[in-house]
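Q: One structure coming up, written as structure tokens, with questions to follow.
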Amino acid sequence: MASGLAEFVVIANRLPVDRIIGPDGETMWRKSPGGLVTALEPVIRRNGGAWIGWHGAANEKLAPFSYEGMNLIPVPLSDEEVEDYYEGFSNATLWPLYHDVVAPPEFHREWWDAYVRVNRRFAERAAKVAKKDGTVWVQDYQLQLVPSMLRELRPDLKIGFFLHIPFPPTELFQQLPWRRQILEGLLGADLVGFQMPGAAQNFVRLVRQRVGHKTHRDTVYLPDGRSVLAKAYPISIDAAGFEELARTPSVLARAAEIRESLGNPKTLLLGIDRLDYTKGLRQRLRAFGELITEGALHVDDAVFVQVATPSRERVNQYKILRDDINRLVGRINGDVGRIGQQPVTYLHASYPREEMAALYRAADVMVVTPLRDGMNLVAKEYVACRFDDRGALVLSEFAGAASELKSAYTVNPHDINGMKQMLLAAINASPRENARRMKAMRRQVMENDIELWAGNFLRELNAIRDPHAKNPRPV
Ligand code: GDG
């Protein structure tokens, strides 16, 4: 796209499309699954907007192209940058650090250098693409330096930032050798959005302590007269879209088929996660395995289906986790399984949305037990698919979703005995009790969808008054 044309620009690590090989061997683009694209696509279309992101292949430069009314602007990454910026600093430093150090973060100066270099590339691209006085929305932990880099190049822009993962407490954040640079990077934005109010408070406190700026409640006052607002915007899903999918005859038929192929168990428990050490897969499987071993659940009655979508497979901690889970599942099935009856069905694969909806429909108990999670959309997707008010959600108190889905069966995933009790409570609850809980959760999810989330953030961003302008900006 030509320079300076987009009124609204989204910057994310990845473009919202995946490259696929078509039936005749030609390459095509397909929209990636996920709520963010669904929510932002109409805004981008309406405004002749653009999306800036990496296209997913290393060492390849691609020209901007348009896809279903969106201008897509690919940012190239070299092999080395994928290793150092993406797998390294983003996923082996920031990811574990921001998730309560549930795995040890690694600090390497060359990873940081790559992070700075790649963030600058994204910022420079956005500076060329955004229209005068336009709005730019930067997404997530891979791009925390972009707001300040972009502000320097284009002080006219409205800049928003949203962090999809938790923002750690000060005691943990302090470990980061580049803590000040990250805070200053984020302060380039006018509005910094977090999943939870606690995360916004952590950020404001850190800015006061480490950078020394004046703060009051959710506002940071910068020496140049600009102020930065830090607030919570809990993300959601395309709730109506999920429910509609869950109601289609083919999905309902597939749900019945899934249950049938598992021997029509009395209780089907389900976990769906990226294979990630923050998701609490080990703890969850141990709890279930013990219930079977101890005889609280019978192998004829209960089946656990765990889908673990492959993720970040070249990062060391993920390789370790993959081996651990393979061993654990093997041990549980070996110890308590029988011919034709495996208590755990473990699927290390990724599935189309229809299959996900069928699994949600098939499951009596959805088990979501992260050790720490910004929000957790799987929990909300399950609720959206339960239009008959049946089913139960077991949910970790360390997921952002727990603050919103208050009628879930909440657990501390570190407490295996507590989790076992809660699993039994969910399994044995009366249909009436589960319907009461599900109704309350459905109200929350159906009324607060992703469109509302994006609308709230953008409305607030556009309403921020520019202290240098005579008049407030148009909303
Ligand atoms: C980050 C934060 C926050 C999973 N497997 C398949 C598949 N999925 C989809 C799920 C869900 C999404 O991926 C996972 O979202 P989560 O929220 O559960 O977790 P993260 O990937 O860690 O996301 C998280 C989120 O950002 C949004 O802000 O909630 O806290 O960590 O939508 O359905 N989708 C398909 N096939 C799969 O095999 N189609």
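The values are calculated or read from the model by the stated rules, or taken from the named source; none is laboratory data. All values reported here derive from a predicted model rather than from experimental measurement. So basically every Cβ, Gly included, is an ideal-geometry build from the backbone, and we count neighbours across all protein chains shown. Accessible surface areas use protein heavy atoms only, side chains included; no ligands, DNA or RNA. Shrake-Rupley method; radii C 1.70, N 1.55, O 1.52, S 1.80 Å.
Q: Taking all protein chains as present, what is the carbon and sulfur share of the accessible area of the chain, in % to the nearest whole number, probe 1.4 Å?
A: So the carbon and sulfur contribution to the accessible surface is 48 percent.
Q: Among Thr267, Pro96, Leu222, pick out the residue whose Cα is farthest towards the positive end of the charge dipole of the chain, where Lys and Arg carry +1 and Asp and Glu carry -1 on C-beta, about the Cα centre.
A: Leu222
Q: Could you calculate the contour length gain from Gln174 to Asp324, that is, 0.36 nm times the residue separation minus the distance between their Cα atoms, to one decimal place in nm?
A: 51.0 nm
Q: List every residue whose amide H lies under 5 Å from the amide H of Ser32, counting only residues 5 or more places away in sequence or on a different chain, with H placed 1.01 Å from N in the peptide plane.
A: HN-HN under 5 Å from Ser32: Val17, Asp18.
Q: With all pairs of different alpha carbon atoms counted, what Kirkwood hydrodynamic radius in Å does the range 137-236 show?
A: 13.3
Q: Sequence neighbours fewer than 8 away in the same chain don't count; with that in mind, list the aspartates and glutamates whose C-alpha is under 17 Å from Lys266.
A: Straight-distance partners of Lys266: Glu257, Asp300, Asp301, Asp364.
Q: At 7 Å along Cα-to-Cβ for each site, give me the label-to-label distance between His108 and Thr293 in nm.
A: It is 3.7 nm.
Q: Can you give the accessible area per residue of the range 49-150, in Å², using a 1.4 Å probe?
A: 35
Q: Taking a probe of 1.4 Å, how large is the accessible area per residue of the range 262-368, in Å²?
A: Here the residues of the range 262-368 average 41 Å² of exposed surface.
Q: Of all DSSP beta bridges located in the chain, what percent are antiparallel, nearest 5?
A: Among the beta bridges of the chain, antiparallel pairing accounts for roughly 25 percent.
Q: Identify all lysines with a Cα-Cα distance to Lys319 below 30 Å; exclude those on the same chain that are fewer than 8 residues away in sequence.
A: Lys31, Lys61, Lys279, Lys380, Lys420
Q: Now a separate question. If you bin every alpha carbon distance in the chain into 10 Å steps from zero, what whole percent lands in each bin?
A: The distribution over the chain is 4, 19, 29, 26, 15, 6, 1, 0, given as percents.
Q: Cβ neighbours within 10 Å, averaged per peptide: list 374-383, 236-245, 218-227, 165-174 in order, most packed at the top.
A: 374-383, 236-245, 165-174, 218-227
Q: From the residues Tyr409, Met438, Gln209, which one has its Cα farthest along the dipole of the chain in the positive direction, the dipole being from +1 and -1 charges on Cβ of Lys/Arg and Asp/Glu about the Cα centre?
A: Toward the positive end, the furthest listed residue is Gln209.
Q: Would you check the range 128-248 for Lys pairs whose C-alpha atoms are within less than 25 Å, ignoring same-chain pairs closer than 8 in sequence, and give me the count?
A: Value for the range 128-248: 6.
Q: Please identify which residues in the range 348-377 have an amide N closer than 17 Å to a label point set 7 Å out from the Cα of Ser311, following the Cα→Cβ vector.
A: Answer for the range 348-377: 348-353, 356, 367-377.
Q: If r is the Cβ-Cβ distance from Glu152 to Glu60 and R0 is 25 Å, what FRET efficiency results, to the nearest 0.05?
A: Plugging the Cβ-Cβ distance into 1/(1 + (r/R0)^6) gives 0.30.
Q: Of all DSSP beta bridges in the range 1-159, what percent run antiparallel (nearest 5)?
A: In the range 1-159, DSSP labels about 35 percent of beta bridges as antiparallel.
Q: While we're here: For the range 14-85, what class follows from the C-alpha gyration tensor (a ≥ b ≥ c being the square roots of its eigenvalues): rounded when a/c is under 1.5, otherwise prolate if a/b is larger than b/c, else oblate?
A: Verdict is oblate for the range 14-85.
Q: May I ask you to derive the FRET efficiency for Arg390 and Asp224 from their Cβ-Cβ distance with R0 = 60 Å, giving the value to the nearest 0.05?
A: Plugging the Cβ-Cβ distance into 1/(1 + (r/R0)^6) gives 0.60.
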